[in-house]
Amino acid sequence: MSNFRMLSTSGLLGYGFPEESLRNGLARDPHMIGVDGGSTDPGPHYLGSGKTLNSRRAMKRDIKLMLIGARAHHIPLVIGSCGGAGGEPHLQVVADIVRELAREEKLNFKLALIHSEQDKQWVKDRRAAGKVRALRGVPELADDAIDKAERIVGMMGSEPFMAALDAGADVILAGRSSDPAPWAGGAMRDQCAPAPSWYSGKLLECGATAAWPKGHDCLLVEVNAGGIVVEATNPIRFCTPNSVAAQSLHENPHPHLHQEPGGMLDTTDCTFTAVSDRAVRVEGMQWRPDDVYTVKLEGAQLLGHRAITICGTRDPGLIAQFDSFLESVRENVSTKASAFGVAPEDYRLNIRVYGRDGVMGAREKVKQTLSHELGVVAEVIADDQETANDVLAMARPQLLHVDFPGRLCKEGNMAFPFSPSDISCGPVYRFNVFHVVQLDDPLSIFPIEYESL
Amino acid sequence: MCRSKNAGPFEVTIDIAFADRETYEKVKASGVVCAQLIAERYSVAVGDVIFTAYDAGLAFKATIPRAVSAGDFGDTDVYGCQQHALLLDVELPV
């Protein structure tokens, strides 16, 4: 195939996109339509808890329009990293939406589900065999960490998508996938070269982010013999050589080397040429296959449960001595929590101060607080929710009532915007598996299930 | 453009990009934007900074370890998208 066109509807399933952009894209006769479903970006909670990042309602709206369009044009609909984290519960939420839409819209098609959740014993065996290594800044993997992870997903490459397309799947829903992999798989299966196929995936996974002005919208990429041509389908957005080149920098440690399952996409020698005032041709990308095939593993472990309260002060006398004030708060919480049976080692109290260093934390260089207001988010993490709630409920009155020298605001130190003021946030996780595992077969750990709808 | 974002949950990457080649080349030649600058501003070792000039994109990219992994206890910026701000008062010779 000389010209292979792919249409992406946005940077994330459930972000929404204008219907007109989808119509414009479909009018260009794309060979495949899809959207990226997830990322580690929203943090470890979703992988750990099994919850989806975007709402079922928002995802259903996007899938409905894409599914109807895909069936009308007889092209595959492909969604990677379903439900956000791409674990089994996330994949099943999206599969359930697709089954429901098939019934409601009376559509018939072959659905492929590609699973990515991994058996912990298999991960341990690979580790023991020396087939697992840590990514930069991550400790070596231990069996203990594997046990503690709520779930571990493998990040699939392009091969499972090609296999599902070969099997005649009309709709492919995948667990955790490298973001460009669905697109790379679609294009390579159509005999496109790996380099432009992967590069097109890098652009498509972010929707119209490669265009200006940025927005949650559709992007069309054509892969052809010389490279790729990229264009936003909404007439208000323009791809320019600069906007497309800048997208190459996105969410990657290095601007022109992109490690993907099975190889490295090298964009060092890329050229960006305007082919119209709204479309750009990119050429010169290279693909260097790895000697050993690897995929990333991601896992999240439970840290505890969180409770928070939000408040603020506008009192200059208090703002001028905020550190010592917080110290008194901490001491009082410690004494009073111990009195009801919660020792200091049984919880962690973090008091975030917005208007001072709430955004930068310890890396903040501005040491002089100039704000006339300070916002406070007090956070307690403990093993169980009740303990977190109880300690937080003790931190709240300390913030409100702890005395300080020269205090004028004797009725209360903090303005609380809400009643109730204490919020139970539920379980808290951290990424504890972020490693690379060698595979003998790119398909072996990503089983594909087919069903006829 | 000056922006930051997670590059995975354990690193933050900062992009500084220019609208025209002349300005980019001027800044690049000055050597002001370098690994040392990033190390100082973010209180990390120079050896922990992956710094690259990306001529095709008229941009510099610096990737540093996060102080706390995304979403872990004590993290202040889960998406890492406000960490660019420590560079906004750097004087550029343009």
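The values are calculated or read from the model by the stated rules, or taken from the named source; none is laboratory data. Quick caveat: nothing in here was measured; it's all calculated off a predicted structure. Please note: Cβ atoms are built from the backbone with ideal geometry, for glycine as well, and neighbour counts cover all protein chains shown.
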Screening B:94, B:12 for residues that are among the β-branched types (Val, Ile, Thr), touching a helix residue (DSSP H, G or I) at 6+ places or on another chain (Cβ under 6 Å), buried (at least 16 other Cβ atoms within 10 Å of the Cβ) and in contact (Cβ under 8 Å) with a residue 60 or more places away in the chain leaves only B:12
Exactly one of these conditions fails for residue B:33: (1) part of a loop (DSSP other than H, G, I, E, B); (2) touching a helix residue (DSSP H, G or I) at 6+ places or on another chain (Cβ under 7 Å); (3) over 27 Å from residue A:241 (Cβ atoms); (4) of a type in the set (Val, Ile, Thr). Give me its number.
(3)
Enumeration of residues in region B:3-32 that are within 9 Å of the chain's Cα centre (by Cα) and either aliphatic (A, V, I, L, M) or farther than 15 Å from residue A:136 by Cα (or both)
B:3, B:4, B:12, B:14, B:15, B:16
Among the residues in region B:12-33, are any of a type in the set (D, E, K, R) and within 7 Å of another protein chain (Cβ to nearest Cβ)?
yes
Residue, nearest to the other protein chains (Cβ to nearest Cβ), within region A:103-113, restricted to residues that are surrounded by fewer than 23 Cβ atoms within 10 Å (Cβ to Cβ) and part of a strand (DSSP E or B)
A:111
Quick check, is residue A:48 part of a loop (DSSP other than H, G, I, E, B) and at pLDDT 95 or above?
no
Restricted to region A:213-272 and to residues being small (Gly, Ala, Ser) and part of a loop (DSSP other than H, G, I, E, B), the residue farthest from the other protein chains (Cβ to nearest Cβ) is A:225
Among A:407, A:348, A:330, A:396, which is outside any helix (DSSP H, G or I) and closer than 29 Å to residue B:82 by Cα?
A:348
Options A:294, A:369: the member that is under 35 Å from the mean Cα position of the chain (by Cα), outside the structural domain of residue A:221 (by TED's automatic domain parsing) and touching a residue at least 40 places away in the same chain (Cβ under 8 Å):
A:369
Would you say residue A:391 is out of contact with any Asp or Glu (no Cβ under 7 Å at 6 or more places or on another chain), outside any loop (DSSP other than H, G, I, E, B), crowded, with 18+ Cβ neighbours inside 10 Å and in contact (Cβ under 8 Å) with a residue 12 or more places away in the chain?
yes
For region A:423-440, does any single residue satisfy the condition of being surrounded by fewer than 20 Cβ atoms within 10 Å (Cβ to Cβ) and free of Cβ contacts under 8 Å to residues at least 40 places away in the same chain?
no
Single unsatisfied condition, residue B:49 versus (1) without any contact (Cβ under 8 Å) to a residue 24 or more places away in the chain; (2) surrounded by fewer than 19 Cβ atoms within 10 Å (Cβ to Cβ); (3) more than 9 Å from chain A (Cβ to nearest Cβ):
(2)
Yes or no: residue B:75 surrounded by fewer than 20 Cβ atoms within 10 Å (Cβ to Cβ), in a loop (DSSP other than H, G, I, E, B) and modelled with pLDDT of 95 or more?
yes
With respect to the numbered conditions (1) free of Cβ contacts under 8 Å to residues at least 24 places away in the same chain; (2) aliphatic (A, V, I, L, M); (3) touching a helix residue (DSSP H, G or I) at 6+ places or on another chain (Cβ under 7 Å), which one is the sole condition not fulfilled by residue A:302?
(1)
From the residues in region A:1-52 that are closer than 22 Å to residue A:72 by Cα and β-branched (Val, Ile, Thr), which one is farthest from the other protein chains (Cβ to nearest Cβ)?
A:33
In this structure, does residue A:200 turn out to be modelled with pLDDT of 95 or more and either part of a strand (DSSP E or B) or under 25 Å from the mean Cα position of the chain (by Cα) (or both)?
yes
Can you list the strands (runs of 3 or more DSSP E) found entirely within region A:114-196 that contain at least 1 residues being more than 19 Å from the chain's Cα centre (by Cα) and crowded, with 16+ Cβ neighbours inside 10 Å?
A:132-134, A:171-174
Go through the residues of region B:53-67 one by one and say whether even a single one is facing chain A (nearest Cβ under 9 Å), out of contact with any Cys (no Cβ under 6 Å at 6 or more places or on another chain), polar (S, T, N, Q) and in a helix (DSSP H, G or I).
no
